Amino acid sequence: MMNPFHGFFSGMLRFDIDANISSLNALVKAVLVFLLLSDLNIWGAVVATLASDILTNTLKIYYAKRLFPDLRFSLKLASKKEIIDLFSYSKHLVINGIANTIGNKSQPIIITQLFDLPSLTLTSIASNLIMHTSAFISSITGVFSPLFNKKAARNENMELLFNQTTTINLFSSTVLFLSLFIFGKVFILLWVGQEFEYAVNLLYLGVISALFATFSKSANTVLFAQANHKYISVITIASVVLGLTLAIALGLKFGLIGMAAGAVLNSFIFNIFAKIVLFKKYNNFNMRGLYLCLSKSVLITVILGIAGSYLLDYLTVDTWLEFLLSATLALPFIVLICWVLLLDKAIKKTLLTYAIERIPPNFKKN
């Protein structure tokens, strides 16, 4: 129901409003869950979710009205022709969304049919950690969409912007997924215990699969900005079909680890090659540097991830306090390593300039 109001923020390039209200939603929900869960149990979470959603969605309606004062509700504006025109414009997005939903929701069914409910729990632990990390990365990289929309509307060359945003996407993803790779095992053991340690293997493969998906994000954004997205749904359908086939075939032969490996192979085929082939059909950009950056990103994640995980085992990090301290100490080094190895001088200069401009004037004076 709220999608039309989101359209006002994206159409007027005011993603900041949408992001601020979404952040408020998460904060209010977290506070209410903390206050209500002990007394109302699971109903406390339900009440917290409903209350925070009602509050924040009311704010979205209010700010949409301020952005577009002529906004009004009228049944006369709804007609069969409008619905047909809307679907005609967005049918490829609808098909793409349906295919993604089928792909995402089929995995639990396949796991319960091939294995058992404990296996589903193992997979859910790994997939939830990756999902939350990916969502955080999307909140960082999503700010580039308006820039592509502006350049596409002005018919400007986007090659430099595309290369820079893809590199920044890989940098952000490597920092966070490397952190997850290193500290994922300790977190899972502290969170759910030794009996779920097998989920760590699924997490490692899931991180590589998610890194491949990061590579094609800017390409997707450019294609949508140029309205050249009609074949993305075809690629998504093919990806879902192959993904389900690999999940069943490799799952029967190798178990859960086979399913995870199939997801890596599927992500590699479609995010590194298929989507880029479609992208190159409309944009003849030089992407050699990006493929080199992707290769370094994967190597950094795997090599340093394995080394870091073994180091934590050697140091016997087995309490929440030790976990938090080690993660806090490691993060600056992870950022520094990725900064040096993944970013070129131009991007470093751009990011530093942007960061300096965001420093409050009073702080600069002091």
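The values are calculated or read from the model by the stated rules, or taken from the named source; none is laboratory data. For clarity, every value in this text was computed on a predicted model and none was experimentally measured. Neighbour counts are summed over all protein chains in view; Cβ atoms, including those assigned to glycine, are modelled from backbone coordinates with ideal geometry. Surface accessibility is based on the protein's heavy atoms, side chains included, excluding ligands, DNA and RNA. Shrake-Rupley method; radii C 1.70, N 1.55, O 1.52, S 1.80 Å.
Looking for whichever is of a type outside the set (Val, Ile, Thr) and either farther than 17 Å from residue 209 by Cα or open to solvent by less than 100 Å² (accessible area, probe 1.4 Å) (or both) here; the options are 323, 273. Which one fits? Reasoning before the result, please.
On the way: 273 fails: either farther than 17 Å from residue 209 by Cα or open to solvent by less than 100 Å² (accessible area, probe 1.4 Å) (or both).
After applying the criteria, what remains is 323.
Just for region 126-137: of the residues that are surrounded by 15 or more Cβ atoms within 10 Å (Cβ to Cβ) and within 9 Å of the chain's Cα centre (by Cα), which one is modelled with the highest pLDDT?
Checked region 126-137; the qualifying residue modelled with the highest pLDDT is 130.
Please determine whether any residue of region 304-315 is over 18 Å from residue 235 (Cβ atoms), touching a Phe, Trp or Tyr at 6+ places or on another chain (Cβ under 6 Å) and open to solvent by less than 80 Å² (accessible area, probe 1.4 Å).
If we filter region 304-315 for residues that are over 18 Å from residue 235 (Cβ atoms), which is where we start, we get 304-315.
Those left that are additionally touching a Phe, Trp or Tyr at 6+ places or on another chain (Cβ under 6 Å): 305.
From what's left, open to solvent by less than 80 Å² (accessible area, probe 1.4 Å): 305.
Checked against the condition, which is being over 18 Å from residue 235 (Cβ atoms), touching a Phe, Trp or Tyr at 6+ places or on another chain (Cβ under 6 Å) and open to solvent by less than 80 Å² (accessible area, probe 1.4 Å), region 304-315 yields at least one hit.
Take the residues of region 21-43 that are of a type in the set (Gly, Ala, Ser) and open to solvent by less than 70 Å² (accessible area, probe 1.4 Å): which is modelled with the highest pLDDT? If you could, list the steps in order and put the result at the bottom.
Taking region 21-43 and keeping what is of a type in the set (Gly, Ala, Ser), we get 22-23, 26, 30, 38.
Among the residues that remain, those that are also open to solvent by less than 70 Å² (accessible area, probe 1.4 Å) are: 22, 26, 30.
Details: 22: 80, 26: 85, 30: 88.
Result: 30.
From (1) open to solvent by 70 Å² or more (accessible area, probe 1.4 Å); (2) farther than 30 Å from residue 232 by Cα, pick out the condition that doesn't hold for residue 82.
If we test residue 82 against (1) open to solvent by 70 Å² or more (accessible area, probe 1.4 Å); (2) farther than 30 Å from residue 232 by Cα, just (2) comes out false.
Test each condition in (1) open to solvent by 50 Å² or more (accessible area, probe 1.4 Å); (2) assigned to a helix (DSSP H, G or I) for residue 73 and report the one that comes out false.
Result: residue 73 passes all but (2).
Just the residues that are over 26 Å from residue 19 (Cα atoms), of a type in the set (S, T, N, Q) and at pLDDT below 85, please, taken from region 58-107.
Of everything in region 58-107, those that are over 26 Å from residue 19 (Cα atoms), of a type in the set (S, T, N, Q) and at pLDDT below 85 turn out to be 74, 79, 88.
Take residue 219 and tell me if it is of a type outside the set (Phe, Trp, Tyr) and at pLDDT below 90.
Values: of a type outside the set (Phe, Trp, Tyr): yes; at pLDDT below 90: yes.
So residue 219 fits the description; yes.
Considering region 44-70 alone, what residues qualify as being acidic (Asp, Glu) and surrounded by 12 or more Cβ atoms within 10 Å (Cβ to Cβ)?
53
Return the only residue of 30, 51, 26 being closer than 27 Å to residue 221 by Cβ and either in a helix (DSSP H, G or I) or in contact with a Lys or Arg (Cβ under 9 Å, 6 or more places away or on another chain) (or both).
On inspection, the qualifying residue turns out to be 26.
When residue 161 is evaluated against the numbered criteria (1) surrounded by fewer than 21 Cβ atoms within 10 Å (Cβ to Cβ); (2) touching a residue at least 40 places away in the same chain (Cβ under 8 Å), which criterion, by number, is the only one it fails?
All conditions are met except number (2).
Where in region 86-192 are there helices (runs of 4 or more DSSP H), lying wholly inside it, with at least 1 residues that are closer than 30 Å to residue 325 by Cβ and in contact with a helix residue (DSSP H, G or I) (Cβ under 9 Å, 6 or more places away or on another chain)?
Filter on region 86-192 gives 117-141, 159-192.
Filter region 210-238 for residues that are over 18 Å from the mean Cα position of the chain (by Cα) and polar (S, T, N, Q) and give the result.
Within region 210-238, 226, 228, 233 qualify.
Give region 241-269 a look and list any residue that's polar (S, T, N, Q) and more than 23 Å from the chain's Cα centre (by Cα), or say none.
245
Out of (1) closer than 23 Å to residue 222 by Cβ; (2) hydrophobic (A, V, I, L, M, F, W, C); (3) part of a helix (DSSP H, G or I), what's the single condition that is false for residue 300?
(1)
Which residues, counting only those in region 253-269, are of a type in the set (A, V, I, L, M, F, W, C), in contact (Cβ under 8 Å) with a residue 40 or more places away in the chain and more than 16 Å from residue 119 (Cα to Cα)? First the steps, then the outcome.
Of all residues in region 253-269, those of a type in the set (A, V, I, L, M, F, W, C) come to 254, 256-257, 259-261, 263-265, 268-269.
This time we only want the ones that are in contact (Cβ under 8 Å) with a residue 40 or more places away in the chain, so: 256-257, 259-261, 263-264, 268.
Across region 253-269, the qualifying residues are 263, 264, 268.
Condition first: surrounded by fewer than 14 Cβ atoms within 10 Å (Cβ to Cβ), more than 22 Å from the chain's Cα centre (by Cα) and in a helix (DSSP H, G or I). Can you find one or more residues in region 5-20 that meet it?
no
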